[in-house]
Amino acid sequence: MGRKDLAILTVISATLGLFSLNPLGGVVLAQKVYELKASPETIHWGHFSADIEPVLRIEPGDIVIMEDVPRLDPADMDKFGIPPEEMSQDYRDIYLKVTDRGPASHIMVGPVYVNGAEPGDVLEVRILDVQLAYTFGYSRLSPRSGTLPGEFERWEKILRVDLENKTTEAAEGVIIPLDNPFFGSMGVAPDPAAGRISSGPPGVHAGNLDNKDLGSGSILYIPVHTKGALFSAGDGHAVQGHGEVSINALETGLRGRFQFFVRKDMSLKWPRGETPTHWIVMGLHEDLDEGMKIAVRETIDFLVERFPHLSRNEAFMIASLAVDYHVTQNVDRTKGIHGMIPKDIFKDR
């Protein structure tokens, strides 16, 4: 029996009457809504690959509700005082039963096969909603990683998540809002020729972007590299600053609602994003300077494609006058820069 047969999938409704904007104009009806929870049969651990058997096949326009689990062994939770009832059996079973792990530590839910997606297309992932799913999260320091390797000893802390108020007390008297949870890793399978790749560094497949601007109400556009795209999500972040300098956010489990479209009218070299107020371009490279150059070139390419009356000189000028560039993360070997292009400066957008 394969992963698809074992997957714990629930078709919530065949026709819920859920309408959304068609990316090409008009509206479309979401054909089906599925629920896909993390379990030993529905996750892959620490890698992306075109060889992973999909756990779900959907049509463009379908919605998938995906729930992941924290990256912390439930067996270690007693010492932190987390009651057993706050951890599902599926969560426990993942750590007890899944032995195919690595090379990284991310527990990825999926992959989801989107019918009609072919190499060269773009997968449009609408992140309709992201909610906190667990009452705890953790953050960890490592002596050999992060922005300051060698300056700190190994250290970790479990933080309680107040689901009602959406806050956490990071330290005595330090209350951090958790009003923008997001999946640190959302990606598709790489080119089959790449084989199994680590889920650690992000890349053209997206993956471990750790981009806090890709929360509820945003869109992620990813170049497709293999038939069906094979989308997976995981690495739930309750909160994170740009940079993610210690190498961890507040790592937890999330429940996200995603809608998928196949864009055959687009062609991308790198992933891009969109929020209600901004377009997002990305530069990914081991060298932050090179990542910045890629992000700026992506800005120029986007602007002249979107607004053909602009010259490349004008686009470069606009990038300097109006685009904010953030260090997405500085710790995943392949580092990230993303540019936020404001929509409201363009009269005809």
Open item on the list: Could you go through segment 226-240 and let me know if any residue there is closer than 19 Å to GLY137 by Cβ, touching a strand residue (DSSP E or B) at 6+ places or on another chain (Cβ under 9 Å) and of a type in the set (S, T, N, Q).
Closed with: yes
Open item on the list: Give all pairs with beta carbons closer than 9 Å in which a residue from segment 332-349 that is within 15 Å of GLY184 (Cα to Cα) meets a residue that is modelled with pLDDT under 95 and buried (at least 18 other Cβ atoms within 10 Å of the Cβ); count only pairs at least 6 apart in sequence or on separate chains.
Closed with: ASP332/ILE247
Task: Close pairs from segment 311-330: first more than 26 Å from GLY200 (Cα to Cα), partner of a type in the set (A, V, I, L, M) and part of a strand (DSSP E or B), Cβ under 6 Å, at least 6 apart - done: VAL323/ILE341
Open item on the list: Of everything in segment 63-90, what is surrounded by fewer than 22 Cβ atoms within 10 Å (Cβ to Cβ) and either among the aromatic types (Phe, Trp, Tyr) or under 25 Å from PHE261 (Cβ atoms) (or both)? Give them in sequence order.
Closed with: ILE65, PHE80
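Among the candidates ILE82, ILE175, single out the residue that is modelled with pLDDT of 95 or more and β-branched (Val, Ile, Thr).
Only one candidate qualifies: ILE175.
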Open item on the list: So, in segment 337-346, exactly how many residues are under 23 Å from the mean Cα position of the chain (by Cα) and farther than 15 Å from PHE302 by Cα?
Closed with: 1
Open item on the list: Within segment 92-106, does at least one residue satisfy the condition of being over 24 Å from PRO181 (Cα atoms), within 19 Å of the chain's Cα centre (by Cα), touching a residue at least 24 places away in the same chain (Cβ under 8 Å) and surrounded by fewer than 17 Cβ atoms within 10 Å (Cβ to Cβ)?
Closed with: yes
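Each row is one residue, and each column tells you yes or no for (1) at positive phi; (2) hydroxyl-bearing (Ser, Thr, Tyr); (3) modelled with pLDDT of 95 or more.
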| position | (1), (2), (3) |
| --- | --- |
| GLY2 | no, no, no |
| ILE8 | no, no, no |
| SER20 | no, yes, no |
| GLY25 | yes, no, no |
| VAL28 | no, no, no |
| ALA38 | no, no, yes |
| TRP45 | no, no, yes |
| PRO70 | no, no, no |
Task: Residues of segment 153-188 that turn out to be part of a loop (DSSP other than H, G, I, E, B), touching a strand residue (DSSP E or B) at 6+ places or on another chain (Cβ under 7 Å) and loosely packed, with under 14 Cβ neighbours inside 10 Å, as a count - done: 2
TODO: Determine, yes or no, whether GLY110 is part of a strand (DSSP E or B), among the small types (Gly, Ala, Ser) and either in contact with a Pro (Cβ under 6 Å, 6 or more places away or on another chain) or closer than 26 Å to ARG272 by Cα (or both).
DONE: yes
- [ ] Can you work out which of the residues in segment 205-250 that are assigned to a strand (DSSP E or B) and over 13 Å from the mean Cα position of the chain (by Cα) is surrounded by the most Cβ atoms within 10 Å (Cβ to Cβ)?
- [x] PRO223
- [ ] Restrict the check to segment 123-143 and report whether at least one residue is surrounded by fewer than 19 Cβ atoms within 10 Å (Cβ to Cβ), touching a Gly at 6+ places or on another chain (Cβ under 9 Å), part of a loop (DSSP other than H, G, I, E, B) and modelled with pLDDT under 95.
- [x] yes
Open item on the list: Suppose the filter is over 24 Å from ASP344 (Cα atoms) and not acidic (Asp, Glu); does PRO192 pass it?
Closed with: yes
TODO: Identify all residues within segment 189-199 that are touching a strand residue (DSSP E or B) at 6+ places or on another chain (Cβ under 7 Å) and of a type outside the set (D, E, K, R); write none if there are none.
DONE: ALA189, PRO190, ILE197, SER198, SER199
Open item on the list: From the list THR275, THR328, THR334, THR299, exactly one residue is over 16 Å from ASP210 (Cβ atoms) and within 16 Å of the chain's Cα centre (by Cα). Which is it?
Closed with: THR275
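Of the residues that make up segment 88-98, is at least one assigned to a loop (DSSP other than H, G, I, E, B), at positive phi, out of contact with any Phe, Trp or Tyr (no Cβ under 6 Å at 6 or more places or on another chain) and in the same structural domain as PRO192 (by TED's automatic domain parsing)?
If we filter segment 88-98 for residues that are assigned to a loop (DSSP other than H, G, I, E, B), which is where we start, we get 88, 98.
Right, trim to at positive phi and you get none.
Scanning segment 88-98, I find no residue that is assigned to a loop (DSSP other than H, G, I, E, B), at positive phi, out of contact with any Phe, Trp or Tyr (no Cβ under 6 Å at 6 or more places or on another chain) and in the same structural domain as PRO192 (by TED's automatic domain parsing), so the answer is no.
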- [ ] Answer with yes or no whether THR167 is farther than 24 Å from VAL64 by Cβ and either in contact (Cβ under 8 Å) with a residue 12 or more places away in the chain or not acidic (Asp, Glu) (or both).
- [x] yes
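The values are calculated or read from the model by the stated rules, or taken from the named source; none is laboratory data. Just so it is clear, the structure is predicted and the values come from calculations on it, not from any experiment. So basically every Cβ, Gly included, is an ideal-geometry build from the backbone, and we count neighbours across all protein chains shown.
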